[in-house]
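The structure appears below as structure tokens.
The values are calculated or read from the model by the stated rules, or taken from the named source; none is laboratory data. Quick caveat, the model's predicted, so the values are computed rather than measured. Reconstructed Cβ throughout: ideal geometry from the backbone, glycine too, with neighbour counts over all protein chains shown. Side chains are part of the model used for accessible areas, which takes the heavy atoms of the whole protein and leaves out ligands, DNA and RNA. Shrake-Rupley method; radii C 1.70, N 1.55, O 1.52, S 1.80 Å.
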Amino acid sequence: MPNVSSTFFRAPYSSLGYPKVVCFSALQGKASSIDSSPSQSPIPRLFSRGCKLVGCGSAVPSLQISNDDLAKIVDTNDEWISVRTGIRNRRVLSGRDRLTTLAVDAAQKALDMAKVDPDDVDLILLCSSTPEDLFGSAPQIQKHLGCKRNPLSYDITAACSGFVLGLISAACHIRGGGFQNVLVVGADGLSRFVDWTDRGSCILFGDAAAAVLVQACSGDEDGLFGFDLHSDGDGQRHLNATIKEDETNDAAESNGSVFNFPPRRHSYSCIHMNGKEVFRFAVRTVPQSIEAALQKAGLPASSIDWLLLHQANQRIIDAVADRLEIPSERVISNLANYGNTSAASIPLALDEAVRSGKIKAGHTVAAAGFGAGLTWGSAILRWG
């Protein structure tokens, strides 16, 4: 599969008066020696316009469901869940919460941290596989933030890899499109698609929203050093929530037509996951992806200050850290409190680590997402 990694710079203006954007491989211009400093990239930036992460925020539903709570409705217990997954609690949407409201709250907190007014936002990317509108919920975030200039807002669907794809998309819009401030929001309500009688899957998922503000900067301040993205449709059978015909439909609704028209209503099935295969997939591909992103950035693994993975299973996080020889004290994990929140998990953990003072300005973070599709990807970035 081809690796996706590129670096942009703004060339002299064309005859039409618009700046040309030229794309180079991130391996071009590689420095002859490796600087082992954790917080600096040794590669000369080949573009005059960079991007950096300057604000973050998160929001979770008010309803907390513990392992003991789950044990009341399905055959399980706290020890069984925590030993196998590392999860002890999760937040679940109830009648008091809406996913879009959480997304707006998280986005506003990111703007407040960055000291950026909603009217200065140029683009909103909502990374979600569970929008509250079939046609996407990103414009609703724009509306409720009160962005009067009507910035472009659209959804990105890539499940648990969505936030990493959103970050790379934001960088491309900034480097190649002249955008100044891009909100990347990860928000998912997977509890709405969980079979709560299946103890193999219902124990894993929670709901949340989190956001970062990616801002344009000069090339020498650029905070996205390298990335690596992939997908493999053959693996879709291991993790999916496919569309199906609504079994409650009355056959009479088709008016007896031999052509089955009008078509019957359809809905999405509950999440189906082959846990063993997903585990094997993650522990194999994620370290490879991070190593590829580091190579493209021209950085050694020792340059990583923090490893921040999609929060799916603590055993996956530990296995990847071991493969990369990253000590546990440099691994970010909040899985115990929230479970797998899909596209929200990386920015949620990032927000907590930044606000607690763990991740500081200038720190280098290796982030990786993986999940349904199957999709996976990583990014080497600097906070602040």
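For every residue, the table says whether it meets (1) open to solvent by less than 20 Å² (accessible area, probe 1.4 Å); (2) touching a Phe, Trp or Tyr at 6+ places or on another chain (Cβ under 8 Å); (3) farther than 29 Å from Lys143 by Cα.
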{"residue": "Ala71", "(1), (2), (3)": "no, no, yes"}
{"residue": "Asn77", "(1), (2), (3)": "no, no, yes"}
{"residue": "Thr85", "(1), (2), (3)": "yes, no, yes"}
{"residue": "Asp97", "(1), (2), (3)": "no, no, no"}
Hey, can you tell me all the residues within region 219-236 that are under 19 Å from Leu167 (Cβ atoms) and surrounded by fewer than 20 Cβ atoms within 10 Å (Cβ to Cβ)? Gly219, Glu221, Ser231
Could you give me the residue pairs with C-beta distances under 8 Å whose first residue belongs to region 99-111 and is under 13 Å from Pro139 (Cα atoms), whose second residue is hydroxyl-bearing (Ser, Thr, Tyr) wherever it lies, and which are 6+ apart or on separate chains? Thr100/Ser137; Ala103/Ser128; Ala103/Ser137
Note: among Gly146, Gly136, Gly95, just one is closer than 19 Å to Phe179 by Cα and of a type in the set (Gly, Ala, Ser), namely Gly146
As an exercise: evaluate His144 against (1) modelled with pLDDT of 95 or more; (2) open to solvent by less than 40 Å² (accessible area, probe 1.4 Å) and give the number of the one condition it does not meet. (2)
Hits in region 323-360 (condition: among the hydroxyl-bearing types (Ser, Thr, Tyr) and on the phi > 0 side of the Ramachandran plot): Ser342
Between residues in region 269-296 that are open to solvent by 40 Å² or more (accessible area, probe 1.4 Å) and residues that are acidic (Asp, Glu), which pairs lie under 6 Å by C-beta distance while being six or more apart or on different chains? Cys270/Asp195
In region 116-131, residue surrounded by the most Cβ atoms within 10 Å (Cβ to Cβ) [restricted to those that are without any contact (Cβ under 8 Å) to a residue 60 or more places away in the chain and under 21 Å from Gly384 (Cα atoms)]: Pro118
By residue number, the members of region 141-155 that are in contact (Cβ under 8 Å) with a residue 40 or more places away in the chain and closer than 26 Å to Gly339 by Cα are Ile141
Which one is surrounded by the fewest Cβ atoms within 10 Å (Cβ to Cβ), of the residues in region 147-158 that are under 20 Å from the mean Cα position of the chain (by Cα) and either at pLDDT below 95 or over 19 Å from Ala208 (Cβ atoms) (or both)? Tyr154
Could you pull out the residue among Ile43, Ile34, Ile81, Ile65 that is of a type outside the set (Ser, Thr, Tyr), outside any helix (DSSP H, G or I), modelled with pLDDT of 95 or more and more than 21 Å from the chain's Cα centre (by Cα)? Ile65
Return the pairs, sorted by first residue and then second, in which the second residue is of a type outside the set (Lys, Arg), the first residue lies in region 77-93 and is over 23 Å from Arg192 (Cβ atoms), the beta carbons are less than 6 Å apart, and the residues are 6+ apart or on different chains. Asn77/Ala71; Asp78/Asn67; Asp78/Asp68; Gly86/Gln314; Gly86/Leu335; Gly86/Ala336
Name the single residue that is least open to solvent (accessible area, probe 1.4 Å) among those in region 318-356 being free of Cβ contacts under 8 Å to residues at least 24 places away in the same chain and either among the hydroxyl-bearing types (Ser, Thr, Tyr) or in contact with a strand residue (DSSP E or B) (Cβ under 7 Å, 6 or more places away or on another chain) (or both). Ala321
